Amino acid sequence: MLRVRDLGVEVGGRLVVESATFTVLPRDKVGLVGRNGAGKTSLLRTLGGELEPAGGRVERPADFGYLPQDPRIGKDLEGRTPVTHVLSGRGIDVELERIEKLRIAMEERPDERNVERYTRAEEHFRTIGGYAAESEARRLMAGLGLSDNRTELPIGVLSGGERRRVELARILYGGSEVLCLDEPTNHLDVEARDWLLEFLRGYRGALVVVSHDLELLDEAITRVLHLDRPSEAASGHLVEYRGTYSQYVAARAEDERRLARQAM
Ligand SMILES: Nc1ncnc2c1ncn2[C@@H]1O[C@H](COP(=O)(O)OP(=O)(O)OP(=O)(O)O)[C@@H](O)[C@H]1O
Ligand SMILES: [Mg+2]
């Protein structure tokens, strides 16, 4: 569950979100919409803990999956493979790296001690479900369109788009109870996008998603938070609409007509 109370989000001295209060319950699927530059990414960064709130508070669970609009995989991680990186979503990477080191040691010096250490580590990996985890990680990456022959290369040689897919796979693999995704279908081809939609259909946790993909919004969400910030100089406010994205568009149009009539 994600609980937001009286939250303020400030960017460049402007309150792009002013005193927002909302709760995202398990199974809630929330679409966050608003014009370009309204402050959706800044709000999500605050929910994800990347940006300090200007006021109020965010209570998020310990296992929380956050995909930034422009995710970066740290320089220090460029040597690891996509498989290892995705497995790090559940801490299994540590075990994988351990047996990899022991395997290399065994190959360099195949004495009794090294063979035994490797064998024991490999057995442990099997017992904790490491191999099943590895095939699950590969399944997610394949679904997101990362070809199989790229999953064992160092991350450093992957393109920006490939890294983004690896990062998304890691977050989906993490199995968090709350997912916050900032434009997750950007840079995905049609097949990968359809795969992601199918994944989100089956996802049982809570979801907050920013997207311009109308089909995703209509299929994947049950509630809309509209970040209303009419101009660069104005503060932003969250307005909530129940229902699918299409229902939100109709309700919003009605609200705007009513406001226009009141202004006359
Ligand atoms: N690092 C920054 N420093 C100063 N201003 C910023 C910074 N990042 C974003 N902004 C400004 O803050 C406002 C909100 O930007 P944000 O990226 O949160 O909007 P958005 O709704 O996600 O937009 P988009 O739909 O284009 O992704 C914009 O006016 C933007 O120009
Ligand atoms: Mg954005």
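Bear in mind that the values in this text are calculations on the coordinates, not laboratory data. Keep in mind it's a predicted model, so treat the numbers as computed, not measured. Here the Cβ is made from the backbone with ideal geometry for all residues, glycine too, and neighbour counts use every protein chain on show.
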Any pair with Cβ under 8 angstrom, 6 or more apart, that starts in segment 128-149 at a residue that is surrounded by 21 or more Cβ atoms within 10 Å (Cβ to Cβ) and ends at one that is among the acidic types (Asp, Glu): Leu146/Glu162
Pairs with Cβ under 6 Å, 6+ apart, first in segment 33-48 and closer than 21 Å to Arg3 by Cα and free of Cβ contacts under 8 Å to residues at least 60 places away in the same chain, second outside any loop (DSSP other than H, G, I, E, B) and more than 6 Å from ligand 1 (Cβ to nearest atom): Ser42/Val9; Thr46/Val9
Test result for Glu107, over 20 Å from the mean Cα position of the chain (by Cα), of a type outside the set (Ser, Thr, Tyr) and part of a helix (DSSP H, G or I): yes
Conditions (1) within 16 Å of ligand 1 (Cβ to nearest atom); (2) more than 28 Å from Met1 (Cα to Cα); (3) among the charged types (D, E, K, R): number failed by Arg163: (1)
Whichever residue in segment 14-49 is surrounded by fewer than 18 Cβ atoms within 10 Å (Cβ to Cβ) and within 13 Å of ligand 2 (Cβ to nearest atom) and, among such residues, is farthest from Leu197 (Cα to Cα): Gly37
Of the criteria (1) touching a Lys or Arg at 6+ places or on another chain (Cβ under 7 Å); (2) in contact (Cβ under 8 Å) with a residue 60 or more places away in the chain, which one Leu77 fails: (1)
Output for segment 1-39, where each listed residue is touching a strand residue (DSSP E or B) at 6+ places or on another chain (Cβ under 6 Å) and within 25 Å of Gly175 (Cβ to Cβ): Leu2, Arg3, Val4, Phe22, Thr23, Val24, Pro26, Asp28, Lys29, Val30, Gly31, Leu32
